[in-house]
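Shown next, in structure tokens, is the structure this report addresses.
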Amino acid sequence: MSHLLEVRNLGKTYRSRKGWPWTPKSVAIEPLSFTLEAGEILAVMGETGSGKSTLAQIIGGVDTATSGEILLNGQKLHSNNYPQLCNNIRMIFQDSENSLNAHLNIGKQLEEPLLFNTQLTAAERQERVNLTLQRVGMLREHWEFYPHMLSSGQKQRVCIARAIILEPQIVVADEALVALDPSIRAQIINLMLDLQKDMGISYILVTHSPQIVKHIADKILILYRGKMIAFDKTDIVLEDTQQTYVQQLLHEHLKQNIQYNSDRSAKIAD
Amino acid sequence: MQLLDIRNLTVEMQTAHGIVRVLDKVNLQLTEGEIHSIVGESGSGKSLLAKAIMGFINPNWQVTADRLWWNGQDLLAMTPKQRRKITGRDMAMIFQDPNAYLDPNSTVEQQIVEAIPQGDVRGTFMRRRVDRKTRVKRLLHRVGIRDHESIMESYPFELSQGIAQKVSIAIAIAHRPRLLIADEPTTAMEPSTRLQIHRLLARLAVSQKMSVVLISQDVGSILPETKRLTLLYCGQLMETGPAHDILSEPAHPYTDSMLRMSLQTQQELPHKARLPTLPGSIPTLRHMPIGCRLGPRCPYAQKTCVKAPRATHDRQRVYHCHFPLLDSSS
């Protein structure tokens, strides 16, 4: 049986602009392999400069790898095969403010991936956009809105709508939950989990919040200076007390909890 | 004696759609050497409160207060010059993005030297130069940078976020202020860097007898050493009081839901379960609800919530709610 996504010996090196042809290249990601199944959430963790964003961008098709290959459902993924890439893997970026086009209204913005990747007619496209807007908890009236008229949470919802409109199998979220307010962040996490339940999407979540990872991730991949030092199921990685770096990254922060008894009142639902 | 005493601070903004009240009767008391956390989501006016204290005020804002006292002196009655003198001597502020706040054109050393007060170094030209250099080194050591040689010579773009934030703290404490306002100093940082900055701020508060006002978005990311906590929502004061009491027994529905939403408090929640959250989104300035501004999102809201609730004083804490979760009799 083939996996949904299989990454084999994927590596990325950069040649610096200065230096001789034989000066060693700087390594962003050392060759690494991992697999992802349908309906799973994979969390990619690591500190700044560990290559986690590069990895997300390579999988999302924004960047190309220098070695190794990515297999999607057993088929090799080419970075220039746009229909295959766009229909199956979509990205959400960190800054929803800047990743939307300020000149287009929300409807046109969501219509664009359909225009480029499907043969739907105008009426079908409109139907699909309306459906997707409702799916992410917005109204069909938002079609006419421009990004500056929306709040940050709604913009993030539009970004998610743009990612799921082609019904992909994998959504890569690059630090998508960092810049949000707590109440909006909880709403977006709920939305992502609901979408996963409805559509069976797999997520690759690049984040540095141990709490979020512990709560929603099925698997954790930890990068340290471009090297993969851990890849396993969440509870196994969390119980791993051998590696000091994993300890540093996860345990210290999970220990810092506020004492709070939550059974006192339970009226705040959902 | 109170170092900072604010009563009923109101800030009104002149916008194209009329006057909007962005801070509504906020109280804040601060004693020396105390860490006070202000928690609120975006648009809650927490940065505006800091700006009002520091006096960074736009001409079309109207700041009124029953009392805005610093160390027994009325800040609002002063001339701008007098006020600037006090602000410059006693207060300092650090911001969210240190790389944007530091000057990209000069080295770390030049920037810290600039912040050292003129009167602190005396003597001949050479003497002053050497003194300044040792002071910069000492400041860098105090904020936990051991490798002072290379850091002093580097430009802000060469520094990592954590180091840059430490440098900006070094600049802020160069004139030994009595109050440091930290406006979301760790929001976009990794957990390990955040921990370092938090430990540094807590240590400085103790060793320098400096009061720290820490502004933060999330109840989960406040300092464990926080003495008092204030929660703001859309410019209204929700709850204020000793941090320990509030965190263990919130009286206001907003505090309660903030604690529930923060993943730090959710230990027994099953894996991948839906998180509790407040419905709806934060209202914009143009569409502020009347009365209690939390009203439309509050799960406990009733008819009376269209009137702004009066303050309830319960021992050391104050909350504004018609239907508090706490029995004031108990």
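Any read-out appearing in this document is the output of simple, stated calculations on the displayed coordinates, not a laboratory observation. Values in this document were obtained by computation on a predicted structure and should not be read as measured data. With ideal geometry, Cβ positions are generated from the backbone for all residues, glycine too; neighbour counts draw on all protein chains shown.
Numbers for the structure displayed
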{"item": "Folded to 0 to 90 degrees: helix B:80-90 orientation relative to chain B principal axis, Cα", "result": "80 degrees"}
{"item": "Residue among B:LEU180, B:LEU195, B:LEU159 farthest towards the positive dipole end of region B:65-212, charges placed on Cβ", "result": "B:LEU180"}
{"item": "About the Cα centre, charge dipole magnitude for region B:139-204 (Lys/Arg +1, Asp/Glu -1 at Cβ), debye", "result": "440 debye"}
{"item": "Inverse mean reciprocal Cα-Cα distance (Kirkwood Rh) of region B:142-217, Å", "result": "12.9 Å"}
{"item": "Exercise: per-residue mean of other protein chain Cβ atoms within 10 Å, A:23-36", "result": "0"}
{"item": "Residue order, fewest to most beta carbons within 10 Å, for B:LYS46, B:LYS307, B:LYS51", "result": "B:LYS307, B:LYS51, B:LYS46"}
{"item": "Calculated FRET value between B:ARG128 and B:SER192, using beta carbons and R₀ = 25 Å, to 0.05", "result": "0.05"}
{"item": "Largest-first ellipsoid semi-axes for region B:91-198, taking √(5λ) over the Cα gyration tensor eigenvalues, angstrom", "result": "24, 15, 12"}
{"item": "Burial ordering of A:ILE220, A:ILE212, B:ILE53, fewest other beta-carbon atoms within 10 Å first", "result": "A:ILE212, B:ILE53, A:ILE220"}
{"item": "Computed log₁₀ I(q)/I(0) - Debye formula, equal Cα scatterers, no solvent, region B:157-269, q 0.16 Å⁻¹", "result": "-0.82"}
{"item": "Prolate/oblate/rounded label for region A:83-211 (Cα gyration tensor, a/c 1.5)", "result": "oblate"}
{"item": "Chain B: C-alpha gyration tensor shape, a/c 1.5 cut-off, then a/b vs b/c", "result": "prolate"}
{"item": "Max mean-square fluctuation residue, GNM over chain B, Cα-Cα springs under 10 Å, options B:ALA301, B:ALA16, B:ALA243", "result": "B:ALA16"}
{"item": "Dipole axis of the protein assembly as shown (+1 Lys, Arg; -1 Asp, Glu on Cβ), positive-most option in A:THR66, A:PRO168, B:ALA115", "result": "B:ALA115"}
{"item": "Partners for A:LYS12 among aspartates and glutamates (Cα-Cα distance below 17 Å; same-chain residues under 8 apart left out)", "result": "A:GLU30, A:ASP63, A:GLU69"}
{"item": "Per-selection Kirkwood Rh - region A:160-228 (Cα, Å, 1 d.p.)", "result": "13.0 Å"}
{"item": "Structure-based [θ]222 nm, the protein assembly as shown - -39500 (n - 2.57) summed over DSSP H runs of at least 4, per residue, nearest 500", "result": "-9500 deg cm²/dmol"}
{"item": "Computed E for B:SER160/B:PHE56 - FRET, C-beta separation, R0 30 angstrom, nearest 0.05", "result": "0.60"}
{"item": "Average other protein chain Cβ within 10 Å of Cβ, residues A:45-51", "result": "2"}
{"item": "Cα-based shape type of region A:1-135, given that a ≥ b ≥ c are square roots of the gyration tensor eigenvalues and the cut on a/c is 1.5", "result": "prolate"}
{"item": "Pairs beyond 24 Å (Cα-Cα), from A:LYS214/B:LYS166; A:LYS25/A:LYS76; A:LYS108/A:LYS155; B:LYS81/B:LYS137; B:LYS81/B:LYS133", "result": "A:LYS214/B:LYS166; A:LYS25/A:LYS76; B:LYS81/B:LYS137; B:LYS81/B:LYS133"}
{"item": "Rh by Kirkwood over Cα pairs, then Stokes-Einstein D for chain A at 1.306 mPa s and 10 °C, µm²/s", "result": "79 µm²/s"}
{"item": "Helix axis angle, B:125-142 relative to chain B longest principal axis, alpha carbon, degrees", "result": "40 degrees"}
{"item": "Fewest-first sequence of A:TYR14, A:TYR146, B:TYR233 by Cβ atoms within 10 Å of each Cβ", "result": "A:TYR14, A:TYR146, B:TYR233"}
{"item": "Point-charge dipole on Cβ atoms (K/R +1, D/E -1) for chain A, about Cα centre, debye to 20", "result": "680 debye"}
{"item": "Shielding by partners - mean other protein chain Cβ count within 10 Å, residues of B:274-286", "result": "6"}
{"item": "For region A:152-173 versus region B:29-71, the gap between their alpha-carbon centres in whole angstrom", "result": "38 Å"}
{"item": "Förster-model FRET efficiency, 22 Å R0, B:ASP97 and B:GLU153, C-beta, rounded to 0.05", "result": "0.45"}
{"item": "Placed amide H near B:ILE35: partners under 5 Å, 5+ positions off or other chain", "result": "B:VAL212, B:LYS227, B:ARG228"}
{"item": "Convex hull volume per residue in cubic angstrom - Cα atoms of the protein assembly as shown", "result": "189 Å³"}
{"item": "Separation between Cα centres of region A:1-59 and region B:181-260, rounded to whole Å", "result": "37 Å"}
{"item": "Given charges at beta-carbon only (K, R positive; D, E negative), |dipole| of the protein assembly as shown in Debye", "result": "1960 debye"}
{"item": "Those residues of region A:162-194 whose amide nitrogen sits under 11 Å from the label point placed on B:LYS272, 7 Å along Cα→Cβ", "result": "A:193-194"}
